[in-house]
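Trainee: My questions all concern the structure below.
The values are calculated or read from the model by the stated rules, or taken from the named source; none is laboratory data. Nothing here was measured: the structure is a model prediction, and the numbers come from that model. Methodologically, a virtual Cβ is constructed for each residue, glycine included, from the backbone with ideal geometry; neighbour enumeration extends over all protein chains shown. The area values use the complete protein model at the heavy-atom level, side chains included, leaving out ligands, DNA and RNA. Shrake-Rupley method; radii C 1.70, N 1.55, O 1.52, S 1.80 Å.
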Amino acid sequence: MGKIRILDEDTISKISAGEVIDSPYSVVRELVDNSIDAGSTRIIVNVLEGGKKLIEVLDDGEGMDKEDLEKCYLRHSTSKIEKFDNIYSITTMGFRGEALASIAEVSELEIISKRRETNEGYKLSVKGGKFESLIPHPSKDGTTVKVKNLFFNMPPRREFLKSTTTEFKNILDIFIKKAIPLPQINFELYHNLKKELILPKTNSYLERIMSIFPEIKQLTYIKKTFEDMEIEILFSKPSVTRQTRNLQHIYVNSRFVESKTFLTAVSNAYSNLVPKGNFPIVFCFVKVDPSLIDVNIHPAKKEIKFKNEGKLFHYIISTIKEGLSESNQTLDIEESLKFNPIEQSIKSSLESFLKSKEKEYEIQKIKESKNQGNTLLTTLTPITTPENTYPPTSINKSEINQLQTRISQKYRFIGIAFKTYLIFEELGTDRLLILDQHASDERLTFSKLYKQIIENKSLSKQILISPITIEVSSICTNIVKEKIKTFEKLGFEIKIQDKLYIYTVPSFFSKNIDPTSSIIEICEKLQEGIEPSLENILEILSIISCRSSIKAGDIISPIEAYKLLEDVMSIEDKYSCPHGRPTMVYISKKTLEKIFSRK
Ligand code: ADP
Ligand code: MG
């Protein structure tokens, strides 16, 4: 007895219909959903040419018998609901009975399946929606669906398919989003017969995430049970952030959903802890009674509706906040210390500075193109002398003495507060100077690099004594492969094999810069489709300079404090870091007197 029924007209009319199949990745999404719904423990996805030639999904799930195979590719055929109201108790990914029908119409579809309790397997062939054959066929328990030549019967559609690389990138993305919330299922992905991602089954979200993104080193876990839902969150420290929201995911009953509410809740929970434009890593898994959500509002089920969205918002914020404070990561920032107006004025001065630099650069570029037709970053200056090997040496003794005499005439170093703020008394001016050690150092590194780009039109590189091997996600590897020239221009010579082998890094890198995170962050920028124009290089440089800088919390010696102050005072744009945060603030004696009611 088959499990599949055809839905009645009333139900059909209430189900939100829409285009479900528009590209290879949507086929992968629907087929993997079906394998998940079939209770599989192992799902293998095999694609050729970014899915344009073949998408094959194999599973060991409950399978279909002969009767099911006769119906499964027909419109509105499903085993998952009987009547419309069932969608409020649904626990499966699919329910509309449309996916196989849509796929069958636009491809050459073959399904081989066997139900566990039967002895015989069958093979169904449908081409362009037309039934071809259904014959006995040897099969293991489970189902194999092959989708060949997608849109073969719709030439304009086929022409609009993107490059193999882009289509595959989308497949990889959806595959990852299917695998993350279901660590108990073994997932495998092959492209052009090569392994892309093998994800062995595990009981932990964390292990699953780390096997996909080996570059994520640490996430904290918290689980909270509320009256109507359970929330599990894996989150990064505020100091571990990305340049995009790509690693902020929410899964509701194991389904990835796009949710503004979630993204806003995350920003809210981390507000004041991370600078603008930086995004912490957050994976949120919500388990909720299906009657409290509506999964029928979007044809591709990308969005869902919560009966009480506000509750979700507060639950997420409070869970993250609790997690952050439990792991001792919250900072107690008072309203008055947000520096908003100052930050604003500094930001606009930074912007006008960058604009004027940009103009200078434009003029220089025109001059140069007249002279030699040279463009930004086309020349590399490989430096291979032993002094430039990694890591470089630090300040010498006579320099220290000179520095001390120079600077101590103008400033008296008082000390370091909260391992972050260097406090100086400015002699002869009646004011205190407070320097944020991280922001200042960031500004310095950035200025150095900026000068190098403006003056030399190149970033020089240094050869590593022995190459560094790093393991990154396949998303990252693909980007490096695609943009290898850009990396070379930035000073990274990388060979790609099973891992990434780094042979050179930019000359300004010192021993405290981690090449792995720099490469990942550049990948993220490039993933946004950024081409290396001046502005974007500046952006990338600001990321790297942030990496290389003294972090808040690093203990520095008084002499290093003086050196930092002198260096930062010597640059033009000293009042803010490349992210627009202030590097220093002055507090006058008058302000202190006011506070203490002395005058
Ligand atoms: P839906 O998933 O919305 O029910 P589909 O068109 O995706 O609709 O699939 C139709 C039906 O075919 C499913 O309800 C299910 O019974 C059956 N089916 C599809 N794929 C599989 C599979 N991999 N294993 C077992 N049954 C499947
Ligand atoms: Mg389905």
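Trainee: Above 21 Å lies some portion of the pair distances; for the stretch 1-87, what is it as a whole percent of all C-alpha pairs?
Mentor: More than 21 Å apart: 40 percent of the Cα pairs in the stretch 1-87.
Trainee: Here's a follow-up. How large is log10 I(q)/I(0) at q = 0.13, 0.14, 0.21, 0.26 Å⁻¹ when the Debye formula is applied to the Cα atoms of the stretch 419-499, each weighted equally and without solvent?
Mentor: Log10 of I(q)/I(0), two decimals: -0.68, -0.74, -1.04, -1.16.
Trainee: Show the residues, 5+ positions off or on another chain, whose built amide H is closer than 5 Å to the amide H of residue 197.
Mentor: Counting only residues 5 or more places away or on other chains, the set is 189.
Trainee: Same structure again: Filter the cross-link list 177/305; 52/499; 80/127; 321/483; 140/287; 3/130 down to pairs whose alpha-carbon distance in this structure exceeds 31 Å.
Mentor: 321/483; 140/287
Trainee: Return the long-range amide H neighbours of residue 583 (sequence gap of 5 or more, or a different chain), with a cut-off of under 5 Å between placed amide H atoms.
Mentor: 576, 577
Trainee: Set the Förster radius R0 to 56 Å, insert the Cβ-Cβ distance between residue 303 and residue 409 as r into 1/(1 + (r/R0)^6), and round the FRET efficiency to 0.05.
Mentor: 0.30
Trainee: Can I ask one more? At 1.4 Å probe radius, can you tell me the per residue accessible area of the stretch 183-327 in Å²?
Mentor: Solvent-accessible surface per residue comes out at 44 Å².
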